[in-house]
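The values are calculated or read from the model by the stated rules, or taken from the named source; none is laboratory data. This structure is a prediction, so every number in the text was calculated from the model and none was measured. Glycine gets a Cβ as well: all are built from the backbone with ideal geometry, and neighbour counts include every protein chain shown.
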């Protein structure tokens with residue numbers, strides 16, 4: 001009995017040791033499995049820290065042709081007609097060359113130039129004395145141009161794309177499309193109204209009646225004809241504004257330097273002026289004339305001198321009488 005109990009205790013101890021060893025192996029394996037991802041993560045973080053940061057992507061502006069595009073220049077819904085206007089301000093390399101190129105471009109697209117104005121504006125001027133009696137003048141100036149062109153309305157966008165070749169830097173642009181269908185309708189109704197009034201007045205003027213009434217009818221008919229003509233002209237102007245877009249262009253170029261030489265008047269006077277003896281003689285002559293003028297001025301004050309002399313004479317007589 002005792003031996004059986006001993007055997008049972010030994011077996012129990014052996015199983016306990018076996019189970020403890022198995023649990024230790026499993027925990028070691030789990031810890032190794034957990035350490036591998038941590039090691040990989042640390043290696044990746046170290047690699048990312050050593051690698052240079054990726055450069056940030058800069059948003060570059062669109063090309064110049066894209067900047068000069070707008071739906072206001074191309075939209076054409078059915079039943080509507082637009083008056084298109086645009087204004088563009090930009091910098092160029094040379095104002096005169098760009099202005100001539102723009103004029104040629106307008107003619108190429110079947111348009112015309114209404115105005116071409118180029119002027120120079122002086123920003124700063126400084127001068128200094130140069131050699132040979134000349135004065136050097138340095139000035140900075142800026143050339144600015146202003147053009148107003150008319151191009152066919154349906155070719156406005158195409159013209160602006162071609163204009164992009166002249167643009168160095170775009171300052172501003174503005175596009176506008178005004179719906180003109182109601183203005184056209186108003187002009188048509190006004191023309192028809194004046195036409196009917198003229199026909200009615202023509203019948204009244206041709207009908208037999210008194211001379212005064214006929215004269216009034218003829219005068220009213222003339223007024224109706226004038227109003228009809230004005231309505232016709234207004235309608236033609238509106239049709240022209242619809243057919244040809246008006247584009248205002250403002251050009252400018254970087255400041256330029258101008259150097260000019262001008263005669264120095266002070267240096268010329270010092271060179272061409274009289275010598276020492278001539279100046280001395282002139283000074284003596286002027287001094288003599290000044291002395292004579294002073295004597296004549298004193299002579300003008302003879303009443304004052306007379307009063308002073310009488311006062312002195314009276315004082316002397318009084319002193320003598322006291323003695």
Picking from 140, 156, 148, 125, the residue that is within 19 Å of residue 258 (Cα to Cα), at pLDDT 90 or above and not in a loop (DSSP other than H, G, I, E, B) would be 140
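Which residues, counting only those in segment 271-283, are surrounded by 10 or more Cβ atoms within 10 Å (Cβ to Cβ) and assigned to a helix (DSSP H, G or I)? Outline the logic, then answer.
Taking segment 271-283 as the starting set, the residues that turn out to be surrounded by 10 or more Cβ atoms within 10 Å (Cβ to Cβ) are 274, 278-283.
Within segment 271-283, 278, 279, 280, 281, 282, 283 qualify.
Among the candidates 153, 139, which residue alone is surrounded by 13 or more Cβ atoms within 10 Å (Cβ to Cβ) and out of contact with any helix residue (DSSP H, G or I) (no Cβ under 8 Å at 6 or more places or on another chain)?
Values: 153 fails: out of contact with any helix residue (DSSP H, G or I) (no Cβ under 8 Å at 6 or more places or on another chain).
On inspection, the qualifying residue turns out to be 139.
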Does residue 290 meet the test of being outside any helix (DSSP H, G or I) and modelled with pLDDT of 80 or more? no
Identify the single condition in (1) within 16 Å of residue 103 (Cα to Cα); (2) assigned to a helix (DSSP H, G or I) that residue 184 does not satisfy, given that it satisfies every other one. (1)
Taking segment 235-270 only, how many residues are outside any strand (DSSP E or B) and in contact with a strand residue (DSSP E or B) (Cβ under 9 Å, 6 or more places away or on another chain)? 12
